[in-house]
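Take a look at the structure set out below.
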Number of protein chains: 2
Amino acid sequence: MSRKEFRDLAEPVAAHDAIASLDLTPETETVPLRESRGRVLAERIDAEMDVPGFDRASMDGYAVRGRDTFGAGEASPVELELVGAVHAGAEPDVTVGEGEAAEISTGAVMPDGADAVVIVERTEERDESVLVRDAVAPGDSVMLAGADVAAGARALGPGTRLTPREIGLLSALGVDEVPVRGRPTVGIISTGDELVRPGDPLNSDAGQIYDVNSYTVATGVEEAGGEVRLYPHAGDDYDEMERLLLEAADECDLVLSSGSTSASAVDVIYRVIESRGELLLHGVAVKPGKPMLVGTLGEADDGHASAYVGLPGYPVSALTIFQTFVAPAIRRAAGVPEPRTATVEGTMAVRERYGEGRLRLMPVGLVEDADGETLVYPVDKGSGATTSLVEADGVVEVHPDTEYLAAGESVDVRLFSPDVRAPTLLGVGEDDPALSRLLDRLDAPRYLAVGSREGLRRLRDDVPDVAVVAGETGRDVDSVEIGGWTREWGLVVPADDPNDVSGLSDLVDRDLRFVNRDTNSGLRTTLSNALADLAAERETERHELVEAIDGFELTTKATESPARAVLRGKADVGLGLRATAESLGMGFVSVGTETVRVHANPNRTAKGSVEAFSALLESADDVFDTLAGYDSD
Amino acid sequence: MSRKEFRDLAEPVAAHDAIASLDLTPETETVPLRESRGRVLAERIDAEMDVPGFDRASMDGYAVRGRDTFGAGEASPVELELVGAVHAGAEPDVTVGEGEAAEISTGAVMPDGADAVVIVERTEERDESVLVRDAVAPGDSVMLAGADVAAGARALGPGTRLTPREIGLLSALGVDEVPVRGRPTVGIISTGDELVRPGDPLNSDAGQIYDVNSYTVATGVEEAGGEVRLYPHAGDDYDEMERLLLEAADECDLVLSSGSTSASAVDVIYRVIESRGELLLHGVAVKPGKPMLVGTLGEADDGHASAYVGLPGYPVSALTIFQTFVAPAIRRAAGVPEPRTATVEGTMAVRERYGEGRLRLMPVGLVEDADGETLVYPVDKGSGATTSLVEADGVVEVHPDTEYLAAGESVDVRLFSPDVRAPTLLGVGEDDPALSRLLDRLDAPRYLAVGSREGLRRLRDDVPDVAVVAGETGRDVDSVEIGGWTREWGLVVPADDPNDVSGLSDLVDRDLRFVNRDTNSGLRTTLSNALADLAAERETERHELVEAIDGFELTTKATESPARAVLRGKADVGLGLRATAESLGMGFVSVGTETVRVHANPNRTAKGSVEAFSALLESADDVFDTLAGYDSD
């Protein structure tokens, strides 16, 4: 098989430079003021009018000639003849002469002749006159025309981001359209014959999967201030790919391709860029991102050239490379500053070895300790799992020469989005339907269903806040138990139990296809213990029974997975819970009950979210009541 | 005149409680995944399918039976018969038997019979066979169905904010519509007969002004996660106001009124609420915000009741009260957390006295010192100026018992928007057209055109980074001059100079209406000095000449203001610059030139933005070249 090999990987700085050399800057556009929030002014705006446009009373009271009030005081009021009234929004129909006054409201036009306002609190109205108990100077309680903003004055400069207050100032100036920096148009082409857009039907037997990167990257583009065009899926056919890439280049400032991990699709794009554009670099010395492509597409001279960046296929890798190399370029083109929340500082919770000799963009998760300090732990090991997307909060740049990051070392984390926040609670351990409902009632928890054994191991490393453990684990980890429940477990069978299964013995003695859970699962350990009891009863060894069970090593990851395998006809019997059998409308053969215990990290018991979880465990009987086979202890 | 008086002001906490007691929560809605960025999940989403949906090759290579490779190594390859190939997105048309292998691409479905992949780098393809140089165990380089996400597993919990990564995970699950928290609908009614919406024609003679608060508050509502409905302007008529308020209550979760400072409009709303809703509180012991109203509108029992909050009329006050009391309630209803950038910490740059016995929400500006520390200075003195909107960055809560804030005291500033940033450069001083163009080339400067004298005074207080000073000021302030220019000044007259003005003498000797600048302006001082020279020439006193000038005390705020007064026919002659006369197409009588100097704060010369300004002054000759009467020194 022939494959495009990337040799002579470019340095990351060269990738930044290559992308910076591309022109993504769109044309300036004009938008209605009302829709300008978050946009960036393209040019200076000077006031074209005075604000206010007239001499304006700034208090309720009486418009007078200041000199008529000289000498007035509490004990020596001056009486002025009342000649009329002026209200806000009305043209004065009165002139104030010597010895005269006109009632005036805040915001009203000062009538001719008057040059000051006596506030109402210092006056007393008589029949056709007003007593003034205060001397005012010309200009008192009057805002002169242009005193707020003068015509011709600089109002806002180019590059100003429009927030409520700037929009307020522009409103005052009567501006209803503003010239703003355009948003770069970014085309997203998703490649790979196997990709299907969310919402369309999926044929798993033909190896189809949903396209993850198109929407992920599209959302990242919008966050960075770009406008997205999604193009239909391109297969791996050269002509079709060429047509699509050139169409996108024609319509966009930047074209991103993303999605396929298949070498052939990458190879096809590579050939199109080489023949219909310019390849600036292929392959960057960064993990992940080796297969990154940077270039231009289309003919520069007839104005159709567009920038092009090819992202890696794994979702976390695609988002990482996008946020590291592409998002800054989109922000620059849009004139949008880097969000202040894009980066957080934390300390490594564990030691992490490296030493691969190229820059690593290491996906990490965040958790706060009891003092609110941010701890950072590595998440994705390059598995390509989409779950890593939500298990990692951002990336740490690890220098090529770094051999390891020590626990306690300070690191900067660039978040996957400025809106990403560290979870309030980090839990690990057993997958359990009651737990899932309990988590719904906590504020922004993260729970990694890694199984009871792996959960306890992580708790020992002091990373999570709590570990949820089912059954007997045989491990001794320092922790504080904050609550728990019991659940009924056994064998999940089809609804009508066609094989008439009655217990574990049937698995051993009969020819039934079984589906088990993985070895980290507490439920699996409980099953093993029950088989040990059965072996003792039969005066044999457990491994003899295990070997007699067809499918004992056929393991699955989640609580419902064995039952769903039975539902699909892939097996006759699955290990599972009564609650699962009931929710899927299946048959259930009870074997026993097991405990589920919530173990808090002893250093985090004072953390607010752990206290909240602890309180919830004491008050959430309704959760256990509604699930079959559950008991709140 | 009768006015609604607010007695027994409520405590601020009571205002928070009253607003919290209102139900703003909208219904859950379903949105397309592609449009769900920033939304908040209304309910838990469990995986409805396995991801991947099939056993998937995770590397390019050959699908084999693991046990067939046992014992294989670099020196002892195993030869397997090549029976076909499987590509990503295609259904396998081959079965792998004992001693057989099939070529396979990353992402392709594992063919029946095979349980592991040998990566291509450890193989060598022959004619119809492949040499395998590595032993693989069952499962190697294979991602089992459901290994990423298992059907039935918890994917995302309620309350999760959707950022690129969550949208990626939901894509992987094939979810194309998501249940999200609704956005509360907020109706904005702008009251006051004098208000005109931006874009509509304005009649200043009738005291009309543009409506500032509607768009300001609308933008704030959107930032907080609400959806806005703007209602047409309501006048002060009771029936019309009642109709409009009830219509808005019917259509919205919350109705805000804002805009008018007029007592009669507030009074009308007060009466409508009392008769057609429930008044929870009126008047809060907070400065600003005394006239705040909180209540409900419409009938609760037929489902049309809506919350109501009345905001003060001054723009800075309206935005302050909105951000303090209303935005948190909108965020709660939308399920959106408070932005982390909503608050910054700083130290008071100056001492500020208070002691009014009620909570003060003090508008402040921000500036960074040379070390990047944030300094905070008070801005608005309750003048109602819209310019305060962009001169202040946020508010500091000053406790009722506080007598003063000391310079150097640490304070928290709640920004007017999470997108607000402190300016990089804070300049104060003379208004000048060349300066305005220079500022366009700096990154996010703030310039307060307070005049040369006031600018120097503020520089002495160590608040701004630079002061720009025109002419001779007679003040001695410690500063570092970083550059400057000269400008030609004189008398601006109509284009055809109908009065045949030839110089200052004409102002004194003839019956011409003059418009001056204010006393803070350096240009005004330069004029005064020129008049002193003329007086000396005539062997008289300057005040004699000044008194002979009709309009010498008629002062205006900005460079162009006198010229524009002449343009409008309000005067015959205005004090101004040759550049202004030229840009407005007017006549000009030259009197002299004056220097303009940029004085840097001696403690800020190392600040990046000051260095950038200094460099700009040396390189921006083109700015001076294009302005009439300007010289770069």
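Filter segment A:363-408 down to residues that are assigned to a strand (DSSP E or B) and within 14 Å of chain B (Cβ to nearest Cβ) and give me whichever is surrounded by the most Cβ atoms within 10 Å (Cβ to Cβ). If you could, list the steps in order and put the result at the bottom.
Here is the first cut: in segment A:363-408, the residues assigned to a strand (DSSP E or B) are A:363-368, A:374-378, A:394-398, A:404-405.
Next, from what is left, pick out any that are within 14 Å of chain B (Cβ to nearest Cβ): A:363-366, A:368, A:374, A:394-395.
Values: A:363: 25, A:364: 25, A:365: 25, A:366: 23, A:368: 20, A:374: 17, A:394: 28, A:395: 25.
Looking at residues that are assigned to a strand (DSSP E or B) and within 14 Å of chain B (Cβ to nearest Cβ), I get A:394.
Taking segment A:568-589 only, how many residues are within 14 Å of another protein chain (Cβ to nearest Cβ) and either in a helix (DSSP H, G or I) or of a type in the set (Ser, Thr, Tyr) (or both)? Give the derivation first.
Our first condition is that a residue be within 14 Å of another protein chain (Cβ to nearest Cβ); within segment A:568-589, this holds for A:568, A:570-571, A:574-577, A:579-586.
This time we only want the ones that are either in a helix (DSSP H, G or I) or of a type in the set (Ser, Thr, Tyr) (or both), so: A:579-583.
Selection size over segment A:568-589: 5.
Determine which member of the set B:217, B:175 is in the same structural domain as residue B:295 (by TED's automatic domain parsing), touching a residue at least 60 places away in the same chain (Cβ under 8 Å) and surrounded by 20 or more Cβ atoms within 10 Å (Cβ to Cβ). Give the derivation first.
On the way: B:175 fails: in the same structural domain as residue B:295 (by TED's automatic domain parsing).
Only one candidate passes the filter, namely B:217.
Checking residue B:222 against (1) within 7 Å of another protein chain (Cβ to nearest Cβ); (2) more than 20 Å from residue B:42 (Cα to Cα), which single condition isn't satisfied?
(2)
Could you tell me whether residue B:507 is more than 13 Å from chain A (Cβ to nearest Cβ), within 26 Å of residue B:467 (Cα to Cα) and not acidic (Asp, Glu)?
Numbers: more than 13 Å from chain A (Cβ to nearest Cβ): yes; within 26 Å of residue B:467 (Cα to Cα): no; not acidic (Asp, Glu): yes.
In short, no.
Given the criterion of a type in the set (Phe, Trp, Tyr), assigned to a helix (DSSP H, G or I), under 30 Å from residue B:375 (Cα atoms) and in the same structural domain as residue B:459 (by TED's automatic domain parsing), identify the matching residue among B:624, B:613.
B:613
Among the numbered criteria (1) out of contact with any Ser or Thr (no Cβ under 7 Å at 6 or more places or on another chain); (2) farther than 24 Å from residue A:206 by Cβ; (3) within 12 Å of another protein chain (Cβ to nearest Cβ), which one does residue B:109 miss?
For residue B:109, the failing item is (2).
Confirm whether residue A:521 is closer than 27 Å to residue A:563 by Cα, out of contact with any His (no Cβ under 8 Å at 6 or more places or on another chain) and within 14 Å of chain B (Cβ to nearest Cβ).
Values: closer than 27 Å to residue A:563 by Cα: yes; out of contact with any His (no Cβ under 8 Å at 6 or more places or on another chain): yes; within 14 Å of chain B (Cβ to nearest Cβ): yes.
Considered against the rule, which asks whether it is closer than 27 Å to residue A:563 by Cα, out of contact with any His (no Cβ under 8 Å at 6 or more places or on another chain) and within 14 Å of chain B (Cβ to nearest Cβ), residue A:521 comes out as yes.
Given the conditions (1) assigned to a strand (DSSP E or B); (2) in contact with a Ser or Thr (Cβ under 8 Å, 6 or more places away or on another chain), which single one is not true for residue A:446?
(2)
Can you tell me which of A:103, A:74, A:121, A:166 is within 22 Å of residue B:558 (Cβ to Cβ) and either surrounded by fewer than 21 Cβ atoms within 10 Å (Cβ to Cβ) or facing another protein chain (nearest Cβ under 10 Å) (or both)? Let's see the steps before the verdict.
Working: A:103 fails: within 22 Å of residue B:558 (Cβ to Cβ); A:74 fails: within 22 Å of residue B:558 (Cβ to Cβ); A:121 fails: within 22 Å of residue B:558 (Cβ to Cβ).
Being within 22 Å of residue B:558 (Cβ to Cβ) and either surrounded by fewer than 21 Cβ atoms within 10 Å (Cβ to Cβ) or facing another protein chain (nearest Cβ under 10 Å) (or both) holds for just one of A:103, A:74, A:121, A:166, which is A:166.
For segment A:124-163, which residues satisfy the criterion of being surrounded by 20 or more Cβ atoms within 10 Å (Cβ to Cβ) and either among the aromatic types (Phe, Trp, Tyr) or over 58 Å from the mean Cα position of the chain (by Cα) (or both)?
A:130, A:132, A:136
Given the structure, is residue A:609 at pLDDT 95 or above, in contact with an Asp or Glu (Cβ under 9 Å, 6 or more places away or on another chain) and either under 27 Å from residue B:145 (Cα atoms) or surrounded by 17 or more Cβ atoms within 10 Å (Cβ to Cβ) (or both)? Full working, then the answer.
Details: at pLDDT 95 or above: yes; in contact with an Asp or Glu (Cβ under 9 Å, 6 or more places away or on another chain): yes; either under 27 Å from residue B:145 (Cα atoms) or surrounded by 17 or more Cβ atoms within 10 Å (Cβ to Cβ) (or both): yes.
So residue A:609 fits the description; yes.
Could you pull out every one of the strands (runs of 3 or more DSSP E) wholly within segment B:168-284 that has 1 or more residues that are under 28 Å from the mean Cα position of the chain (by Cα)? It would help to see each step written out before you state the result.
Working: elements: B:177-180, B:185-190, B:227-230, B:254-258, B:277-282.
So the answer is B:177-180, B:185-190, B:227-230, B:254-258.
For residue A:31, only one of the following conditions fails: (1) hydrophobic (A, V, I, L, M, F, W, C); (2) in contact with a Lys or Arg (Cβ under 8 Å, 6 or more places away or on another chain); (3) in a strand (DSSP E or B); (4) farther than 24 Å from residue A:224 by Cβ. What is its number?
(4)
Please state which of the following conditions residue B:38 fails to meet, knowing it meets all the rest: (1) over 46 Å from the mean Cα position of the chain (by Cα); (2) in a loop (DSSP other than H, G, I, E, B); (3) facing chain A (nearest Cβ under 9 Å).
Exception for residue B:38: condition (1).
Within segment A:411-441, track down each residue that is assigned to a strand (DSSP E or B) and of a type in the set (Asp, Glu).
Listed by number, the list holds a single entry, A:412.
Taking the condition on the phi > 0 side of the Ramachandran plot and small (Gly, Ala, Ser), does residue B:427 pass? So that I can check it myself, show each step before the final result.
Details: on the phi > 0 side of the Ramachandran plot: no; small (Gly, Ala, Ser): yes.
The answer is no for residue B:427.
Could you tell me which of the residues B:567, B:531 is over 23 Å from residue B:595 (Cα atoms) and in the same structural domain as residue B:453 (by TED's automatic domain parsing)?
Numbers: B:531 fails: over 23 Å from residue B:595 (Cα atoms).
Going through B:567, B:531 in turn, the sole match is B:567.
Enumerate the pairs (first residue in segment B:439-462 and within 14 Å of another protein chain (Cβ to nearest Cβ) and surrounded by fewer than 18 Cβ atoms within 10 Å (Cβ to Cβ); second residue anywhere and in a loop (DSSP other than H, G, I, E, B) and β-branched (Val, Ile, Thr)) with beta-carbon separation below 9 Å, excluding pairs fewer than 6 apart on the same chain, so at least 6 apart or on different chains.
These pairs meet every condition: B:443/B:424; B:444/A:160; B:444/B:424.
With (1) without any contact (Cβ under 8 Å) to a residue 40 or more places away in the chain; (2) within 22 Å of the chain's Cα centre (by Cα) as the list, and residue B:371 as the residue in question, which single condition is left unmet?
If we test residue B:371 against (1) without any contact (Cβ under 8 Å) to a residue 40 or more places away in the chain; (2) within 22 Å of the chain's Cα centre (by Cα), just (2) comes out false.
The values are calculated or read from the model by the stated rules, or taken from the named source; none is laboratory data. Since this is a predicted model, take the numbers as computed values, not measurements. Note that we place each Cβ from the backbone using ideal geometry, even for glycine, and neighbour counts take in every protein chain shown.
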